[in-house]
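The values are calculated or read from the model by the stated rules, or taken from the named source; none is laboratory data. Fair warning: this is a prediction, and the values are worked out from it, not measured in the lab. Glycine gets a Cβ as well: all are built from the backbone with ideal geometry, and neighbour counts include every protein chain shown. Calculation scope for accessible area: heavy atoms of the full protein, side chains included, ligands and nucleic acids excluded. Shrake-Rupley method; radii C 1.70, N 1.55, O 1.52, S 1.80 Å.
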Amino acid sequence: MGIHILDAMSREGFEQVIGVYDRKSGLKALIAIHDTSVGPAFGGIRRWSYLSERSGLMDCLRLARAMTHKCVLAGVPGGGAKAVILDEPGMDLEGAYRHMGMRVEAMGGQFYTGPDVGTDGQALDWLSAETKYVTSTGANGPGDLGGATAAGAFAGIRAGLRHLDGEPDWKRRRVVIQGLGDVGAKLSARLVDVGATVIGTDINVERGQRVAKEVGFEFVEPADEVGVECDVFAPCALGGILHDVTVERLKTRIVAGAANNVLAKSHHGDLLHERGVLYLPDFVLNAGALIRGAFFHLEGRIEGLDSIEHRIETASDEILGESKASGLPPFRVAVRLAEKRIAERRNA
Ligand code: NAD
């Protein structure tokens, strides 16, 4: 199937899609700017070996648009963008990231970039050597991004429990965390701190067991976590984990976590809703790092964890309130709300 970039752009209101090729390093990349109507566009660089240029483009557009949704719902005065590097054997990584850095710099602050799948601390250092428009995780950056994301997920879980039970009542709650990496480990510590019972897992069993021991909770073998009876299932590993099989197996009242794109397909969100499971949308709960990065660049300050929690809890409350009133699943309400706000600000 051919690629009709302008068709795809006009359907979803994209402002710019840029193809980047660097003869020297072999870099092939795409940058999509979805929305700069109220401020610069924010989005990380994903490096992935896509099956085709088309699938790289589609991923880039989908992720950029999702970043605009994330910004409007988190109250960030900016919009969404994304870059994807089409990973190929033989590409000179340092040269490729440095070239991307130069391109981002040349955009003059219209696009702020940062980490994503495939773009690690080393890659961020290469980018930072060429541009100031990058969120670095080092000493000159906005601080602990994983901690900010965990704070947002915690606030979303609290909103979900209040929505169902009137109060979080942490001491009576069981929370299962899938993935005990940077975010999952920090979320587990916060939950244990307030008295919740945490059960966690990680496919990196050694790492998971170490976190469980340090923080003080029960570790279960990977794959067993989906069937554990709990109040909250918190996905903090990879996307696509809620599919036909897992949706049937889950024994939870709430799904709320930080992993991006946890629904394998949108209809799995509807399926959860039909089964009476409250699914809080990932793109609302995991905006903590974006909030930190954006305010650091725009206002030169590091947004505190309390404020991040407040922003995400307020957004979750609004979505849950509208979901209750309309009967629609919260993730559908969130998309509708985001699109309404994007239209309003574009018309303003
Ligand atoms: P991470 O790489 O530090 O941790 C992910 C952990 O999940 C790893 O320890 C990995 O072994 C484990 N894992 C992978 N597949 C698993 C599976 N099937 N079952 C159990 N464990 C599994 O990543 P992170 O920074 O903690 O991010 C976690 C999720 O949150 C990711 O989906 C990420 O895209 C999303 N997110 C993170 C941030 C951030 O600030 N770090 C911001 C927004 C969204």
Seminar exercise, completed: P(r) of segment 163-289 over all Cα-Cα pairs, 5 Å bins starting at 0, rounded to whole percent, reads 2, 11, 23, 25, 21, 13, 4, 0
For this session: Using a 1.4 Å probe over the heavy atoms of the protein chains, calculate the carbon and sulfur portion of the accessible area of the chain as a whole percent.
Result: 51
Problem set entry | Local net charge near G26, Cβ-Cβ under 9 Å (Lys/Arg +1, Asp/Glu -1) | 0
For this session: Report the antiparallel proportion of the DSSP beta bridges in the chain as a percent, rounded to a multiple of 5.
Result: 35
Seminar exercise, completed: Quotient of Cα radius of gyration and Kirkwood radius for the chain, i.e. Rg/Rh, equals 0.96
Exercise. Which links in K70/K265; K28/K82; K171/K251; K70/K213; K70/K340; K82/K132 stretch past 23 Å when you go from one Cα to the other?
Worked result: K70/K213
Problem set entry | Against the rule of thumb 2.2 N^0.38 Å, how large the Cα Rg of segment 22-120 comes out | 1.05
Seminar exercise, completed: On each of the three principal axes the extent of the alpha-carbon atoms of segment 222-283, given in whole Å and largest first, is 25, 24, 18
Exercise. When the Karplus curve 6.51 cos²θ - 1.76 cosθ + 1.60 is applied with θ = phi - 60°, which whole-Hz ³J(HN,Hα) does each residue of segment 150-157 get, with x for Gly and Pro?
Worked result: 4, 4, x, 5, 4, 5, x, 4
Exercise. Using the Cα gyration tensor of segment 18-72, with a ≥ b ≥ c the square roots of its eigenvalues, what is the shape: rounded (a/c below 1.5), prolate (a/b larger than b/c) or oblate (neither)?
Worked result: prolate
Exercise. Hey, what number do you get for the chain at 222 nm if only DSSP H runs of n ≥ 4 count, each worth -39500 (n - 2.57), divided across all residues, to the nearest 500?
Worked result: -15000 deg cm²/dmol
Seminar exercise, completed: Note to self: with every protein chain in place and a 1.4 Å probe, the chain gives an accessible area per residue in Å² of 44
Problem set entry | Contour excess over end-to-end distance, with Cα ends at I18 and N347 and 0.36 nm allotted per residue | 116.0 nm
Problem set entry | Fraction of beta bridges assigned by DSSP in segment 7-89 that are antiparallel (%, nearest 5) | 65
For this session: Kindly state, as a whole number, the per residue volume in cubic angstrom of the convex hull around the alpha carbon atoms of segment 70-158.
Result: 114
For this session: From the P(r) of segment 90-135, can you give the percent of Cα pairs sitting at distances over 16 Å?
Result: 27
Exercise. Taking θ as phi - 60°, what are the ³J(HN,Hα) couplings along segment 27-33 by the Karplus curve (6.51, -1.76, 1.60), each to the nearest whole Hz, with x for Gly and Pro?
Worked result: 4, 10, 8, 10, 10, 10, 9
Problem set entry | Mean Cα-pair separation over length for the chain, i.e. relative contact order, pairs under 8 Å, 6 or more apart, % | 15
